Structures are given as structure tokens and as C-alpha cells.
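Structure first, commentary second.
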Amino acid sequence: MLLRNRTEAGRELAARLAGRQREGRLTDPVVLALPRGGVPVAVEIATALGAPLDVLVVRKIGAPFNPELGVGAVAGDGPPLYDQRTLAMLDLTEDRLGPTVARERTELHRREDLYRGGRPLPDVHGRTVVLVDDGLATGVTARAALRSARGLEPAELIMAVPVCSREAAELVGAEADDLVWLHQPRPFSSVGQWYLDFDQVGDDEVIRILSAAREPRGDAAGDGSADDGGRVE
């Protein structure tokens, strides 16, 4: 099982969510992508649902000795979320990670300004929020994003991803009202291994997609299948 690219993955997810929309199961939906990789996936969903597209910026908190090794995540102005099991395995404390959290929060706000140009997040109160990423390995960044989005008081909070690990599905499914996924392969080592094309998404592409999504358009609702696929409720 391999996904061709993020665009194709987004179209498959869009078909499933469009089926729910036709059944009246989505309330005035808003699509929020986790940049950068979630944006090309999310734009396909937003187009199919005729919904606004924006980003919810999340930053990974890396281990001091290996920044690529995520031990937590931070979103918005909320407290950081840590993978306590990983902290224990690495003999790390939250206090020791304070400087890293401060740097990542600064970068988070820089990217929010870069992607939104000073625009606030859309008002999602009482609406269905579809939070989108290109995959879940540990799920810690998605969980931080879900907690941040929950504070905006949506009517329903759906997490949609093309591929996820079983462990991440269990953790993220406990935070979301619904988790929609296409594939849950086992064993699972990384998100990228399940894509034929998993090139890095740059800031320029994110800005281009968001700018194009803000342009007026007609009814772009898709006609996908009503099949719900795998999900945790």
C-alpha cells in the first residue's frame, strides 16, 4: 500500500468527508491544516466541501541532543504537550526543555504571521472543524493541535489523515470527536514510507495554496463516496 502523493491522499479523504456533508453530518465546516505537510492534503478537502481553509501552526519540541526526535509539541499560546513515556525513556524533565519550548513558540508565531499575514484564525465557534495532517506517527503534534482547536469551541472536531500508526490512532482518537483515516499499516515506522512522493513542502507552497484558497469560488462540493473508512470514535 502506497499513496501517490499528498494531493491524491487529500482527494481520497475529501471523498469520504463529502459523503458526510451530503448526509448533513457536517455543520458549516472549516478546514484547518497542520503546516507544512498537511496543507496540500487539506486544500483538496476544503475544495470538496466548499469550506474555508486555514492553518493551525504546531511546533514539535525536540530532544536537546537530537532536535529531530520529538518529545512533545506546542500549539497557539497553550501549554506544551509532552509524550511522557518518551521523556521518561530519555531521562528528560519538562523544566530542562523550557528553552526549547520558548524557541519553538517564537518560531510558531513567526510562521503564523508568515502564513496568515496578520489575519486571525477564522471563527469556528459552533462549526465543524476538520483538522488535517499528512500522517500520524506518534500523534503528539496532532494532539496538541486538537487541544488548541478545542479551545475555539467548535461544534465538532474531526481529525483527518491519510495514514497513521495504530498507537497514534488510539491517542489522537481520544482527543478528537472523530478520526478519519485511509490506511493504518502495520508495522509502522514513519509517515513518509507510505508515500511514493513525500517531498518537503516549502513555505512558498503553503502561502500559494492559502492565497489561492482565499480567492472567491463557486460551489466546489465534491461527489465522493459516503464510506466512512476506518475511524476511532
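Bear in mind that the values in this text are calculations on the coordinates, not laboratory data. This is a predicted model, so every value here is computed, not measured. Because the Cβ atoms are built from the backbone with ideal geometry, glycine has one as well, and the counts that use them run over all protein chains shown.
Shape annotation for the chain: C-alpha extents along the principal axes are 51, 42, 32 Å, from largest to smallest. Is any residue of segment 48-69 close enough, with backbone N under 18 Å, to a label point placed 7 angstrom from the Cα of Thr93 along the Cα-Cβ axis, and if so, which? Counting backbone N atoms under 18 Å from the label point, the list is 63-65. Would you please classify the overall shape of segment 76-145 from the alpha carbon gyration tensor, given that a ≥ b ≥ c denote the square roots of the eigenvalues, rounded means a/c under 1.5, and beyond that prolate means a/b larger than b/c while oblate covers the rest? In terms of gyration-tensor shape, oblate. Above 21 Å, the calculated P(r) of segment 18-92 contains 47 percent of its Cα-Cα pairs. Under a Gaussian network description of the chain, with springs only between Cα atoms under 10 Å, the residue in Gly126, Gly118, Gly38 that fluctuates furthest is Gly118. Placing pseudo-labels 7 Å out from each Cα toward the beta carbon at Asp204 and Glu107 gives an inter-label distance of 2.1 nm.
Extension gain for Leu196-Glu156 works out to 11.2 nm (0.36 nm per residue, less the C-alpha to C-alpha distance).
For the options Thr93, Thr128, Thr27, a Gaussian network treatment of the chain with springs between C-alpha atoms closer than 10 Å singles out Thr93 as fluctuating the most.
Distant-in-sequence amide contacts of Ile61, defined by a placed amide H-H separation under 5 Å and a gap of 5 or more residues or a different chain, comprise Val71, Gly72, Ala73, Val74.
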